[in-house]
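Some notes on the structure that comes next.
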Amino acid sequence: GGGGGGGGGGAAPPPKQDELQPHPVKEQLPGVAYCITSPPPWPEAILLGFQHYLVMLGTTVLIPTSLVPQMGGGNKLCMLFTCKYNSLHQEEKAKMIQTLLFVAGVNTLLQTLFGTRLPAVIGGSYTYMPTTISIILAGRYTDIVNPQEKFEKIMRGIQGALIVASTLQIVLGFSGLWRNVARFLSPLSAVPLVALSGFGLYEFGFPVLAKCIEIGLPEIILLLVFSQYIPHITRGERQVFDRFAVIFSVVIVWIYAHLLTVGGAYKNSGPKTQISCRTDRAGIIGASP
């Protein structure tokens, strides 16, 4: 009897504890409609695309606004109001904006048809701004007196530098090296990158807002109200206000700014205030060829 008990004790191992199971996968963004699985109807898709265009238009226009005056096409070339529609400054700025929008459109079509096919607009990058400014301030351009000639030569220098710099990205993309680097990227590293990229835009956006605080501040407040507060108050199934927050806020603030312009609120204000606050002082559309 004792032998049998000993044999039994050696043959039957103690029962294992249940292994810890990982938590089941949960939806991180409940209630979000994905364009891939639930595409919106065409009218709504066109409005969303136009809203996306408005968002990228602001950041695209900021690049020529800050660079063109330093390249020889500044406001010093003519009197502010006597040639507001056909000045060299506005024509060069219009040409640069047109070029950026055209190239952004071509890149967006290539990205959505042959690239990652994400619904993202490819716009201008602020990564190249410091190096572009260093080219603008180069000593070889300081002796050029003619603003038109100076602008053209600086633009050619910038274009050549961008072409050379882009070859590195082309090599990384087509060689497959970036694929190996992307394996080591996780959300923990991607989120700070995207956040810092967004925070970097404040450096360019808020100084422009401060030029006309009575227009810029209501735009930010309305954008926050439409996107963050009204959806919680209405609690409807259709996400209208948060989905079209940019269109709603821009239309309302533009009408408000136009009423101030027509009403003569800036009739006796300084030139910088009139350029920043009035809705009829941009001159970019009138100066574009």
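Grab the Cα-Cα distance for Leu223 and Thr167, subtract it from 0.36 nm times how many residues apart they are, and report the gain in nm with one decimal. Before the final figure, lay out each step's value.
Working: separation 56, 0.36 × 56 = 20.16 nm, distance 3.93 nm.
Extending this stretch completely gives an extra 16.2 nm.
Quick one: pull the percent of accessible area on segment 212-282 belonging to carbon and sulfur, 1.4 Å probe, ligands and nucleic acids left out.
Working: 3060 of 4670 Å².
Carbon plus sulfur share of accessible area: 66 percent.
Quick one: if you stick a label point 7 Å off each Cα along the C-beta vector at Val145 and Ser288, how many nm between them?
3.5
If I stretch the segment between Leu259 and His232 completely, what's the gain in nm (0.36 nm per residue apart, minus their alpha carbon distance), one decimal?
Working: separation 27, 0.36 × 27 = 9.72 nm, distance 3.09 nm.
This chain segment gains 6.6 nm when fully extended.
Order 123-135, 238-250 from most to least packed using the mean count of other Cβ atoms within 10 Å.
Values: 123-135: 15.1, 238-250: 16.8.
The peptides rank, most packed first, as 238-250, 123-135.
Shape call for segment 159-289 from the C-alpha gyration tensor, a ≥ b ≥ c root eigenvalues: rounded (a/c under 1.5), prolate (a/b greater than b/c) or oblate? Provide the component values of the computation, followed by the final result.
Numbers: a/c = 2.76, a/b = 1.45, b/c = 1.90.
Because a/c hits 1.5 or more and a/b fails to exceed b/c, segment 159-289 counts as oblate.
For segment 212-282, what is the Kirkwood estimate of the hydrodynamic radius, computed as the reciprocal of the mean inverse distance between distinct Cα atoms, to one decimal in Å? Don't skip to the end; give the middle numbers.
On the way: mean 1/r = 0.0751 Å⁻¹.
Averaging 1/r across every pair of different Cα atoms and inverting gives 13.3 Å.
I'd like the FRET efficiency for Leu47 and Leu185, computed as 1/(1 + (r/R0)^6) with the beta carbon distance as r and R0 of 35 Å, rounded to 0.05. Before the final figure, lay out each step's value.
Numbers: r = 34 Å, r/R0 = 0.96.
About 0.55, to the nearest 0.05.
What distance in nm separates the two pseudo spin-label positions at Ala138 and Phe174, each 7 Å out from Cα along the beta-carbon direction?
It is 2.5 nm.
For segment 107-218, report the accessible area per residue in Å² (1.4 Å probe, heavy atoms, rounded to an integer).
Details: 8240 Å² over 112 residues.
It amounts to 74 Å² per residue over segment 107-218.
The values are calculated or read from the model by the stated rules, or taken from the named source; none is laboratory data. Here the structure is a predicted model, which means the values were calculated and not measured. Methodologically, a virtual Cβ is constructed for each residue, glycine included, from the backbone with ideal geometry; neighbour enumeration extends over all protein chains shown. In case anyone asks, the SASA skips ligands and DNA or RNA and just uses the protein heavy atoms, side chains included. Shrake-Rupley method; radii C 1.70, N 1.55, O 1.52, S 1.80 Å.
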